[in-house]
Amino acid sequence: MKLAVYQAPPTDGDVEAAFRRLEAQLRAAALAGADVLVTPELYLPGYNRFDLHSQVSEAEGAVWRARLSTLAGAAGAGLVVGWAERAEGRLWNAATFFDADGTERAHYRKIQPYGPDETRTFVPGDDYETFSLEDRSAGLLICYDIEFPEHARALAVQGVEMLLVPTANPAAFPHVPEVLVRARAAESGIAIAYANYAGTEAGLTYGGGSVIVAPDGMVLASAGAGEALLIAELPPRAETEGARQLKARRLG
C-alpha cells in the first residue's frame, strides 16, 4: 500500500491552474505506484478565498466532481480532494475520495471548523466517513479535526487503519505536523497522510511540512516549505494489525 501527498501551491481562485497541477501530480503518483493521492484543504477554489467559496462552489460543484472523477480514472489511482461544497442551501468544507476507476466512494464534511472565518462560512459536518482502500479501512478528516484526539480515536475504534487528511495549516503552527499528527498516529495505531499547502494566499502564509506517518508515529515521508510530492509505502498489514486492534480495544 502506497500513499501519496501533494503539497501544492495555494490555488488562490485559479481553479484551472489547480486542475493542471493536479493532473500532472496524480499521473506522477500513479506512475510511482501510489494507491491514492491526497491534496490540501479547500483545494477548490482555494482555502483563504472566503470571498469565492459560496459563489464558485454553487456554480461549479458538479463540474468539479465530474472532472476529478475523470482525472482519477485516467490516472488509475485514487484521489482525495478538499473543496467548498454548496448543497441543500448550505456550504460545507468537504473532502471527497474517488477510487482508481473514478468512482466517488466517500464524501466527508469537516466537523471541527477553525477560527471565525470558517465558523461564519461553513456548516459543521456531523458524521465520520469510512471506506475500503485496497485491503485496508480508511477514513477522512480535514485539518483542525486531526488536532482533536477524539476524532482519530473514534475512527480507530471503528476499525480504520489510515486517515487521509487535507489541511491548510499556517506557518505559525509547525507543531501540528511535527508533533500532533505523529501523536494521533501513535495513540490510535493508524497511518496518516497529511497534505498541506506551500506558499502565500490572500495574506496567509502556509507552513508546508506535509507528512506521511506510520501507525507507530514514525515519519515515512515529509516535505519542507515548497511544492512537493510525497510517496511512501506503509508497513505490511501483518506488522501493524495486532497492535492497532489492541489500541482500538483500549481506546474503546
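The values are calculated or read from the model by the stated rules, or taken from the named source; none is laboratory data. Remember, predicted model here, so these are calculated numbers, not experimental data. When we count neighbours, we look across all protein chains shown, and the Cβ atoms used for this are built from the backbone with ideal geometry, even at glycine. Quick note on the areas: whole protein, heavy atoms, side chains included, nothing else; ligands and nucleic acids left out. Shrake-Rupley method; radii C 1.70, N 1.55, O 1.52, S 1.80 Å.
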Just checking, which of Asp35, Asp14, Asp51 is open to solvent by 20 Å² or more (accessible area, probe 1.4 Å) and in contact with a Lys or Arg (Cβ under 8 Å, 6 or more places away or on another chain)? Asp35
From Tyr194, Tyr206, which residue is closer than 13 Å to Ala225 by Cβ, in a strand (DSSP E or B) and at pLDDT 95 or above? Tyr206
Given the conditions (1) out of contact with any Lys or Arg (no Cβ under 7 Å at 6 or more places or on another chain); (2) closer than 20 Å to Ala152 by Cβ, and given that Ser188 satisfies all but one, which numbered condition is not satisfied? (1)
Of the residues that sit in the stretch 98-137 and are under 28 Å from Gly33 (Cβ atoms) and touching a residue at least 40 places away in the same chain (Cβ under 8 Å), which one is surrounded by the most Cβ atoms within 10 Å (Cβ to Cβ)? Leu133
Restricting to the stretch 59-98, what's the tally of residues that are in contact with a Leu (Cβ under 8 Å, 6 or more places away or on another chain) and not in a strand (DSSP E or B)? 7
For Asn93, which of the numbered conditions (1) touching a residue at least 24 places away in the same chain (Cβ under 8 Å); (2) surrounded by fewer than 20 Cβ atoms within 10 Å (Cβ to Cβ); (3) of a type in the set (S, T, N, Q) fails to hold? (2)
Going through (1) in contact with an Asp or Glu (Cβ under 9 Å, 6 or more places away or on another chain); (2) more than 19 Å from Glu187 (Cα to Cα) one by one, Gly115 fails only at (1)
Could you pull out the residue among Val181, Val160, Val176 that is β-branched (Val, Ile, Thr) and part of a loop (DSSP other than H, G, I, E, B)? Val160
Just the residues that are open to solvent by less than 10 Å² (accessible area, probe 1.4 Å) and β-branched (Val, Ile, Thr), please, taken from the stretch 165-208. Val165, Thr167, Val176, Val181, Ile190, Ile192
Look through Pro124, Pro116 and report the one residue that is in a loop (DSSP other than H, G, I, E, B), more than 13 Å from the chain's Cα centre (by Cα) and more than 18 Å from Leu230 (Cβ to Cβ). Pro124
With the checklist (1) closer than 28 Å to Pro10 by Cα; (2) assigned to a helix (DSSP H, G or I); (3) open to solvent by 50 Å² or more (accessible area, probe 1.4 Å) in hand, flag the one item Glu150 doesn't pass. (1)
